[in-house]
Each structure stands twice: as structure tokens, then as C-alpha cells.
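For reference, the structure discussed in these notes is given below.
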Amino acid sequence: MFSMRRIAVVAIVLTTQVYQLICVSLQFSNKQNWNLKKVSADPEIYFETDQLILHLGYPVEIHKVTTEDGYVLKIFRIPFGKSDRGQKTSASKAPVLLQHGLLSSSDDWVVNFENQSLGYMLADAGYDVWLANVRGNRYGLEHIEPVPSKHQFFQFSWDEMAEYDLPATIDYVLNVTGHSDLELIGHSMGTTMAFALLSTKLEYNSKIRHFHALGPVVTLNYAKSPIRYLAPIAKEIKMLFDLVGIDEFFPSDELMKVLAQSCGSVVKVVCKEIIFLFTGYDPQQLNSTRIPVYVSHNPAGTSSRTIVHFAQVFS
């Protein structure tokens, strides 16, 4: 007889495998038909961070950060807001770095309207805004060296993000702006990375003027996310992920764009409930008309090892 633990493991692996097969089939689908679908969809579904920012009339810069171990991260800068239009030089503005959470990206800070997105609000308040990314999400899929395989590329967890990605980004921002310190705002896993960095590389405490932790994650004992159900089977999940070669977890790809378009129609209610399942029930804080855009930008991808690592923390 199969135990519930084994059944759960099999279900997770099969679901991920089916997801990957659908992604492969979409890559070989008729490109002309796919482009026709794009015409009728909300264009923001297909925008990257810089396009989202330009779409609302804000200036944007694209930068690339290379970590000590060779990963290349694309980050974005909003040097000024609509209120001053660059009347103040960037050197006179306090830099603020926004670090996203698990399965997220820089998109999250600018995916809403300008009076609802922290990135725009900070720019309009006079800050020099920098939007970070980490290895493994849609903006962190490059490496300075030819990586032998996808498997080798995704051999990391949030440990490496804290050890390499965040400090490299902080140093880059300070070097470009000429400031000696910055404001750091983290959300969820972004706070975990910061806590780990500040407790292991003490020199970074002087480089951060204030650390603002949104939904801080220092323990998972009280978490209500469905990930807590993975905790008892974390070892089995890791073994099976390694066995069947699942290295990338929920990448930002064509399938998510198809699902996003579906969320704008009859299955909107289903999409809304799935969002609430992972983020908590709060309909007053969810703009239902933006659900297709939200789904197209989240999840943004990570490594399977990152998911297993969080599951192990429960154990």
C-alpha cells in the first residue's frame, strides 16, 4: 500500500513533469497563431520590468550585475519620478534597493498602477530606485561562463542568493551612485537573504542605512502557506527532483502567458482563489481586473533546490 507521503511525492513530480511537457509543446506550436493571440491580450502580460515602467511614463535604466561566482543578474533603475523629471541629480537622491521574494522578480514592484506600486511611489517621493533580481528567475538566467548543463546552472538555493547576489547588487548600486550606503527594502525571501547577509558578512551592516523588512521570514514555524505540507517529504522530493531532472521550478514561460489570458475570462474566479491560496485571503487588496497581468509575471521561476530548502526548514 502506498502511504499518503508517497502519493503526495508522486503527485508533485507528475504535476511538474506535465507542466514541463506542456511548455515544450508550446515551444513547437505554430508561431503565427501564437502571435495572433498576443494581439487581443493585455500588452502588459508580455512586458518586462523596463517596459512596465516606460508604459506608465517613468524613466528606466537597465543594468547588469555579475556575482562573484559568475551569475549575471539584470536589475532596473528608476532614477527619478514624474514630479521632478530629473531636476535633481541622481547623486543627490538617496538610493533605495528593492529585493523581491520567492518565485518573484523586479516586476512585482511596478506591476500595479503608479499610486499602488512601491517602485513608482518611492521614485515620486524623491528616491533613486533600484529593483533587484536573483539567479534563477526570468532576469537571472545568464552566466559569464558556458555552463555545461541546465542541471549545473540551477545548483543553488537562497543561501547563494544571500552570499553572492544581494551583496553584489548592493556594491554595484553604491558604486554607480557614489553613495556609501543605501536603503534596503526586502519582501519575504528578500528579507531572509538580507538577514543571512547581515549576520554573516558584517561589513554590509554599514552599507545599509535602514533595512525595511516586509513580511519578514526568519522562521517558518507559523507559516500557513501550502509549502508547509512539503516539509515531511522534503528529502523524498529532492531525491525525485534529482532523479527525473527537475532543476527549474515554475519558470516564467509561454505557458504562464496562456494561463494569464485564460484568467481574464471565465476562469478568473479559479485564478483568484489560487492567488489567495498562496498569499492569504484579502479580496479588498486584489484588483481583479489585473489578475491576468499578475499571473503572467508570477511565478517568475527559481531553482527546485530553493523550494526544497524552504521545505526542509520546517523539518
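The values are calculated or read from the model by the stated rules, or taken from the named source; none is laboratory data. The model shown is predicted, which means the values in this text are computed figures rather than measured ones. Heads up, the Cβs are rebuilt from the backbone with ideal geometry, glycines too, and the neighbour counts pull from every protein chain shown. SASA here: full protein model, heavy atoms, side chains in, ligands and nucleic acids out. Shrake-Rupley method; radii C 1.70, N 1.55, O 1.52, S 1.80 Å.
Structure data summary
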{"quantity": "Entirely in region 218-315, the helices (runs of 4 or more DSSP H) that have 1 or more residues that are modelled with pLDDT of 75 or more, open to solvent by 20 Å² or more (accessible area, probe 1.4 Å) and more than 18 Å from L103 (Cα to Cα)", "calculated": "254-262, 268-279"}
{"quantity": "Criterion: without any contact (Cβ under 8 Å) to a residue 24 or more places away in the chain and among the aliphatic types (A, V, I, L, M) - qualifying residue of V173, V147", "calculated": "V147"}
{"quantity": "Count of residues meeting criterion [open to solvent by less than 70 Å² (accessible area, probe 1.4 Å) and not in a loop (DSSP other than H, G, I, E, B)] in region 110-127", "calculated": "6"}
{"quantity": "Positions within region 150-159 being outside any helix (DSSP H, G or I) and open to solvent by 50 Å² or more (accessible area, probe 1.4 Å), in sequence order", "calculated": "Q155"}
{"quantity": "Any hit, region 128-148, residues being open to solvent by less than 50 Å² (accessible area, probe 1.4 Å) and more than 20 Å from I62 (Cα to Cα)", "calculated": "no"}
{"quantity": "Residue among A123, A91, A162, A132 that alone is within 21 Å of H210 (Cβ to Cβ) and either of a type in the set (D, E) or more than 21 Å from the chain's Cα centre (by Cα) (or both)", "calculated": "A91"}
{"quantity": "Scan of region 175-194 for residues that are crowded, with 17+ Cβ neighbours inside 10 Å and either assigned to a helix (DSSP H, G or I) or of a type in the set (V, I, T) (or both), ordered by number", "calculated": "T177, I185, M189, G190, T191, T192, M193, A194"}
{"quantity": "Exclusive hit being touching a helix residue (DSSP H, G or I) at 6+ places or on another chain (Cβ under 8 Å), in contact (Cβ under 8 Å) with a residue 24 or more places away in the chain and either within 26 Å of K93 (Cα to Cα) or among the hydrophobic types (A, V, I, L, M, F, W, C) (or both), set G140, G126, G178, G136", "calculated": "G178"}
{"quantity": "Filter result for the condition that a residue is among the acidic types (D, E), part of a helix (DSSP H, G or I) and either surrounded by fewer than 23 Cβ atoms within 10 Å (Cβ to Cβ) or modelled with pLDDT under 95 (or both), over D50, D107, D84, D69", "calculated": "D50"}
